[in-house]
1. Leaving out ligands and nucleic acids, and using a 1.4 Å probe, what accessible area per residue does segment A:63-168 come to in Å²?
2. List the accessible area buried at the contact between A and B, summed over both sides and calculated with a 1.4 Å probe, in Å² to the nearest 100.
3. Evaluate the charge dipole of segment B:41-199 about its Cα centre and quote only its size in Debye, nearest 20, assuming +1 on the Cβ of each Lys and Arg and -1 on the Cβ of each Asp and Glu.
4. Between A:Asp229 and A:Ser148, 0.36 nm times their residue separation minus their Cα-Cα distance comes to what?
5. Hull surface divided by four, with the convex hull built on the Cα atoms of segment B:36-131: how many nm²?
6. Using 0.36 nm times the number of residues separating A:Asp70 and A:Trp134, minus their current alpha carbon distance, what extension gain do you get?
7. Determine, for each peptide in A:123-129, B:188-194, the mean count of other beta carbons within 10 angstrom over its residues, then list the peptides with the highest first.
8. If every alpha-carbon in segment B:112-201 counts as one equal scatterer, what log10 I(q)/I(0) does Debye give at q = 0.22 1/Å?
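The values are calculated or read from the model by the stated rules, or taken from the named source; none is laboratory data. All of these numbers come straight from a predicted model, not from anything done at the bench. With ideal geometry, Cβ positions are generated from the backbone for all residues, glycine too; neighbour counts draw on all protein chains shown. Heads up: the accessible areas ignore ligands, DNA and RNA and are worked out on the full protein's heavy atoms, side chains in. Shrake-Rupley method; radii C 1.70, N 1.55, O 1.52, S 1.80 Å.
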Amino acid sequence: MVTIPPGQYVPFTKTARGAQAVPVGAFLLDEFPVTNADFLLFVRANPQWRRSQVSGLFADATYLSNWANDLEPGRLAPADSPVVHVSWFAARAYARWVGGRLPTMAEWERAASAGYRCSDGRNDPELNRDLFAWFAQPAPEVLPSVASAKANFYGVRGLHCLVWEWVEDFNSVIDPAGDAGPGGNLYCAAGASDVKDTGDYATFMRMALRSSLKANNTTGSLGFRCARDTGTAPGGKAPEGNLATEKSR
Amino acid sequence: MGFAGLAAAARAESGPGAQTKGGATAPACCCTESPGAAFSKNSIYQLDARFQDDAGREFALGSLRGRPVVLDMFFTSCGYACPLAVTDMLAIQSRLPAELRSRTVFVLVSFDSVHDTPEVLAKYRAQRLLDGRWVLLHGSDSSVRELAALLGVNYRREADGSYTHSNVLSVLNRQGELAYRRVGLSGGVSELGGAVVAAGK
């Protein structure tokens, strides 16, 4: 895992009191997203998370739908590609199983705010070029190996341009069109009116995705990676099987 | 039709056997399923999140199996939406037919895992005059986040310690399956009351 030093996260949406930077303490983040090989070990050990056995409450009908069967990822899900078609509940259960947790949105965004060569990626032309190229492409049927992803300033790979990723508090994004907030019966933030920086297209896309998701949803371009508090030894229950850990050695 | 009328209709629908099942005796437990049996496929009681009630006791949501449940996620220091939701829940409780009222549970789960300790929840119970049919729960951030995800409740903690959150009242049937959701503060209590009647069958 990679240590992300303490820093801050500026929330994407303005509050009544304006956008306020939130301090983010140091934490550990997986260098790579969780792969199909990693996830196979998890479903082997936890039958309730196999495709044929999972409760619809915790994963929808497309859960692991790109796998050949319960215990065989198969042709469309190569061992070293990021696992996708996983729900938030499944991602969380996996993280707990390896002794970790999902990163919070603040942690994820803080790690992902880095460019390839500096800690502030906003002005990194190379990253921006890659991002827009990625947005312009439909998700490939077979995702590339996690090893193909470029490392950012902190040494974390694939936060951008590979798959979208679940975060622990994905459901802290309040859907403006849906539920009610404290300012009125309908949450008063129509469209992007409360967005701090509309030029930050990539963040806007992530926020829109998060606000549209339910915890049992799965899609072909949504995976995850694990985090840990600093001071907790990486390893957990299945260190030997964690491809990402292997590759980082 | 009032709630009582709905209840009568529900009894008529479910046939002669139903009358005895929910009789006026033993209000405390009405579990007709065996407690050891697995929860149904869509039961939110499959969640292994742990909570603590306002007496500081461990509380598993699965212990509510067998009863209709009205559940709200809230925080005690909320000055706007949460008190209104509790008022609506009290209104539903008072209007339910006596038999159904005796076995319906009203659950409040706090977003605020830091400040809403069992002691604070106990104080809130006293202030709002919530009787023994109410369960007030404190949980870890992780447990609260998980339950919220299952109920489709979005929330975030703001810098001032308050919470921005969806206003959702959920009705669970006796298996712990989500039977009805009221989103937003409007909509009144009639439809919700009807949902409780149906969930109590």
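1. 40
2. 2300
3. The calculated dipole for segment B:41-199 is roughly 480 debye.
4. 26.5 nm
5. Computed as one quarter of the Cα hull surface, the answer is 7.0 nm².
6. 20.0 nm
7. Packing proxy ranking, top to bottom: B:188-194, A:123-129.
8. Once normalised to I(0) and log-transformed, intensities are -1.37.
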